[in-house]
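S.K.: The structure under discussion is supplied below as structure tokens; questions concerning it will follow.
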There are 2 protein chains.
Amino acid sequence: MSTIETKPWTSETVVADLERAIHEHRLPPGTKLGEDELGDAYGISRTIVRAALLALSHRHLVELKRNRGAFVAQPSVREAREVFEARALLEPRTAHSAALRMTDKDLALLQANIRDEHAALDAGESGRALFLSGQFHVEIARIADQSTIETFISELISRSSLIIALYWRRRAALCETQAHHALLDAFARKDAAAAEELMKSHLLDLVASLDLHNVSQPPTSLREALQR
Amino acid sequence: MSTIETKPWTSETVVADLERAIHEHRLPPGTKLGEDELGDAYGISRTIVRAALLALSHRHLVELKRNRGAFVAQPSVREAREVFEARALLEPRTAHSAALRMTDKDLALLQANIRDEHAALDAGESGRALFLSGQFHVEIARIADQSTIETFISELISRSSLIIALYWRRRAALCETQAHHALLDAFARKDAAAAEELMKSHLLDLVASLDLHNVSQPPTSLREALQR
DNA sequence: CTCAACAATATTGTATACGATTTTGTTCCG
DNA sequence: CGGAACAAAATCGTATACAATATTGTTGAG
């Protein structure tokens, strides 16, 4: 946990801190997020913690069970499909818009992002690499200058991180940065149509790298899981 | 206000009640939502009210100003454009999916919705008609069996209601139900391509019926608004 | 009379106390 | 020894008290 008690933690900063921890798989799906525990860790009262957990539950990153507590969400196979369905509707067209508005500064930012992701991978910081990989997509929405869509994509990216934690099947890990590289090239050429197509196939590749027909549903209850 | 104190109001029911009131324009944009006031109205403590307001702020229906309180949101022209941009990405394709999954029961529900909207209009209940008109769109997402996208569309519909309250320009009011009728026909024929196109143009018509180039921004501050 | 400074009031922000529910641990009967 | 009933503990749900901040009202000097 973050444990730096010198900071003035607010509801929003706690949300951001927890969201990043979840996104980086430092808090795996299913992790219990006790209110007292979090309050002690951040040095704040349960009031703030509850507001943060409520916010995270609205983003579907945390599941609140009445009188049971908060847990890092465990998206179902169904939900996983839906998330990528939504991404497929939003992201390709957003990449198209972004390509048309792309500035040199934006390009540099995206390039830096890819570089940092490479560095993180080399350093064995796979969590940080995953986070940066997601940021690449959010950044595109920001460049497209569509903050409303950006909010949706940002949520979907974080949820995708949970989905990856649950359903990722081992494969070539470099396909990610390859796809981002190709996108960057299209952006550099201001080729909006190519960017849209590349994003579309990138998302299809992502889904294909998941194991979603598997019946190993994240156990809703231990009882049910062990009764087989 | 709702004032029925015999009900066991929970955070969620209060959110639903307030959201509907906002959607039906009983709580116009800019309305101050005092915590004590709401707590008294519903017969609950500020704790629950705050949770509800927090939820509504996450849906961009309420704006929270630090140490100032909660207000019904006043989407900017910029935000209005973004909301309809997002709807344009999500809804046509969702209508396509819905057409393919449409059952007779679903058709009946949509038909009933249109009928109720007509009835509400005839009865002069324009707020209720607007709400039902929005429900038509949410229902399509539900029929498409995409709950994640449905959540997004539901939020966008509610925000659209605020946008209509602020930027609607007088016009033929029946264009709405006409478009919904046409959609229903396409659904009945299971003509997914037609449904997709009809939804696309319906959304374009909606945007066209708004006055978004107008400079009469909802005043961010009274000072600024009166200094002209 | 105008306006700035200050005081009073109202409202939100946060912490904490207490009650409700669930979970865990123990006991006692079969 | 096994299991159900009960007791204890932990945790969440809600209300309330108090502090922080903003707004409003008043006063007094110029």
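The values are calculated or read from the model by the stated rules, or taken from the named source; none is laboratory data. Please read all numbers here as calculations on a predicted model, not as lab measurements. As a convention, Cβ positions derive from the backbone with ideal geometry for all residues, glycine included, and neighbour counts pool all protein chains shown.
Here is a yes/no grid of residues against (1) in contact with an Asp or Glu (Cβ under 7 Å, 6 or more places away or on another chain); (2) crowded, with 19+ Cβ neighbours inside 10 Å; (3) β-branched (Val, Ile, Thr):
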position	(1), (2), (3)
B:Asp116	no, no, no
B:Asp122	no, no, no
B:Phe136	no, yes, no
B:Asp145	no, no, no
B:Ser160	no, yes, no
B:Arg169	yes, no, no
B:Leu203	yes, yes, no
B:His213	no, no, no
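S.K.: I've got another one for you. Filter the stretch A:37-53 for residues that are under 24 Å from the mean Cα position of the chain (by Cα) and β-branched (Val, Ile, Thr); which is nearest to A:Phe71 (Cα to Cα)?
M.R.: A:Val49
S.K.: Residues in the stretch A:88-103: is at least one away from DNA strand D (no atom under 16 Å from the Cβ), more than 13 Å from every other protein chain (Cβ to nearest Cβ), not in a helix (DSSP H, G or I) and not charged (D, E, K, R)?
M.R.: Yes, the stretch A:88-103 contains at least one residue that is away from DNA strand D (no atom under 16 Å from the Cβ), more than 13 Å from every other protein chain (Cβ to nearest Cβ), not in a helix (DSSP H, G or I) and not charged (D, E, K, R).
S.K.: Also, quick follow-up: When the residues of the stretch B:13-30 are narrowed to those that are without any contact (Cβ under 8 Å) to a residue 60 or more places away in the chain and away from DNA strand C (no atom under 16 Å from the Cβ), which ends up surrounded by the most Cβ atoms within 10 Å (Cβ to Cβ)?
M.R.: In this case the residue turns out to be B:Val15.
Residue-wise test of (1) under 25 Å from B:Glu12 (Cβ atoms); (2) in contact (Cβ under 8 Å) with a residue 24 or more places away in the chain.
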site	(1), (2)
A:Gly43	no, yes
A:His60	yes, yes
A:Lys65	yes, no
A:Gly69	yes, yes
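S.K.: Let me ask something additional. If B:Asp116 satisfies all but one of (1) out of contact with any Leu (no Cβ under 6 Å at 6 or more places or on another chain); (2) part of a helix (DSSP H, G or I); (3) in contact (Cβ under 8 Å) with a residue 12 or more places away in the chain, what's the number of the condition it fails?
M.R.: Of everything listed in (1) out of contact with any Leu (no Cβ under 6 Å at 6 or more places or on another chain); (2) part of a helix (DSSP H, G or I); (3) in contact (Cβ under 8 Å) with a residue 12 or more places away in the chain, B:Asp116 misses just condition (1).
S.K.: Continuing with this model, one more query. Among the candidates A:Phe152, A:Phe131, A:Phe84, A:Phe136, single out the residue that is away from chain B (no Cβ under 13 Å), more than 16 Å from A:Ala188 (Cβ to Cβ) and at pLDDT 95 or above. Give the steps one after another, and end with the answer.
M.R.: Working: A:Phe152 fails: away from chain B (no Cβ under 13 Å); A:Phe84 fails: away from chain B (no Cβ under 13 Å); A:Phe136 fails: more than 16 Å from A:Ala188 (Cβ to Cβ).
Going through A:Phe152, A:Phe131, A:Phe84, A:Phe136 in turn, just one is away from chain B (no Cβ under 13 Å), more than 16 Å from A:Ala188 (Cβ to Cβ) and at pLDDT 95 or above: A:Phe131.
S.K.: Could you please find all residues in the stretch A:92-105 being surrounded by fewer than 18 Cβ atoms within 10 Å (Cβ to Cβ) and not aliphatic (A, V, I, L, M)? Reasoning before the result, please.
M.R.: Residues of the stretch A:92-105 that are surrounded by fewer than 18 Cβ atoms within 10 Å (Cβ to Cβ), as a first pass: A:100-101, A:103-105.
A:Arg101, A:Thr103, A:Asp104, A:Lys105 - these are the residues of the stretch A:92-105 that are surrounded by fewer than 18 Cβ atoms within 10 Å (Cβ to Cβ) and not aliphatic (A, V, I, L, M).
S.K.: Inspect the stretch B:65-73 for any residue being assigned to a helix (DSSP H, G or I) and within 16 Å of DNA strand C (Cβ to nearest atom) and give the result as yes or no.
M.R.: No, that holds for no residue.
S.K.: Checking the condition in a loop (DSSP other than H, G, I, E, B) and farther than 25 Å from A:Asp205 by Cβ, which residue from A:Pro8, A:Pro28 passes? It would help to see each step written out before you state the result.
M.R.: Working: A:Pro28 fails: farther than 25 Å from A:Asp205 by Cβ.
Step by step, each of A:Pro8, A:Pro28 is checked, and only A:Pro8 is in a loop (DSSP other than H, G, I, E, B) and farther than 25 Å from A:Asp205 by Cβ.
S.K.: Considering A:Ser158, A:Ser147, which residue is closer than 14 Å to A:Ala86 by Cα, hydroxyl-bearing (Ser, Thr, Tyr) and within 14 Å of another protein chain (Cβ to nearest Cβ)? Spell out the reasoning first.
M.R.: Details: A:Ser147 fails: closer than 14 Å to A:Ala86 by Cα.
Answer to the check: A:Ser158.
S.K.: Of the residues B:Ala95, B:Ala80, B:Ala86, B:Ala55, only one is touching a residue at least 12 places away in the same chain (Cβ under 8 Å) and within 16 Å of DNA strand C (Cβ to nearest atom); which? Spell out how you get there, then give the answer.
M.R.: Values: B:Ala95 fails: within 16 Å of DNA strand C (Cβ to nearest atom); B:Ala80 fails: within 16 Å of DNA strand C (Cβ to nearest atom); B:Ala86 fails: within 16 Å of DNA strand C (Cβ to nearest atom).
After ruling out the rest, the residue left standing is B:Ala55.
S.K.: Could you grab me the full set of residues in the stretch B:60-73 that are within 16 Å of DNA strand D (Cβ to nearest atom) and either surrounded by 16 or more Cβ atoms within 10 Å (Cβ to Cβ) or within 12 Å of another protein chain (Cβ to nearest Cβ) (or both)?
M.R.: As a first pass, look at the stretch B:60-73 and keep what is within 16 Å of DNA strand D (Cβ to nearest atom): B:63-71.
Selection gives B:Glu63, B:Leu64, B:Arg66, B:Ala70, B:Phe71.
S.K.: Inspect all residues belonging to the stretch B:163-183 and state whether any of them is within 14 Å of chain A (Cβ to nearest Cβ) and in contact with a helix residue (DSSP H, G or I) (Cβ under 6 Å, 6 or more places away or on another chain). So that I can check it myself, show each step before the final result.
M.R.: Here is the first cut: in the stretch B:163-183, the residues within 14 Å of chain A (Cβ to nearest Cβ) are B:163.
Narrowing the set further to residues that are in contact with a helix residue (DSSP H, G or I) (Cβ under 6 Å, 6 or more places away or on another chain) leaves B:163.
Scanning the stretch B:163-183, I find at least one residue that is within 14 Å of chain A (Cβ to nearest Cβ) and in contact with a helix residue (DSSP H, G or I) (Cβ under 6 Å, 6 or more places away or on another chain), so the answer is yes.
S.K.: Can I ask one more? Search the stretch A:31-47 for residues being in a helix (DSSP H, G or I) and surrounded by fewer than 20 Cβ atoms within 10 Å (Cβ to Cβ), and hand back the single one that is nearest to the other protein chains (Cβ to nearest Cβ).
M.R.: Keep residues of the stretch A:31-47 that are in a helix (DSSP H, G or I), which gives A:35-42, A:46-47.
Going one step further and asking which of them are surrounded by fewer than 20 Cβ atoms within 10 Å (Cβ to Cβ), we end up with A:35-37, A:39-41, A:46-47.
Details: A:Glu35: 14, A:Asp36: 17, A:Glu37: 20, A:Gly39: 16, A:Asp40: 21, A:Ala41: 21, A:Arg46: 11, A:Thr47: 9 Å.
Per the criteria, the residue is A:Thr47.
S.K.: Which one of these is at pLDDT 95 or above and over 18 Å from the mean Cα position of the chain (by Cα): B:Asp185, B:Asp122? Steps first, please.
M.R.: On the way: B:Asp122 fails: at pLDDT 95 or above.
Within the list B:Asp185, B:Asp122, the selection yields B:Asp185.
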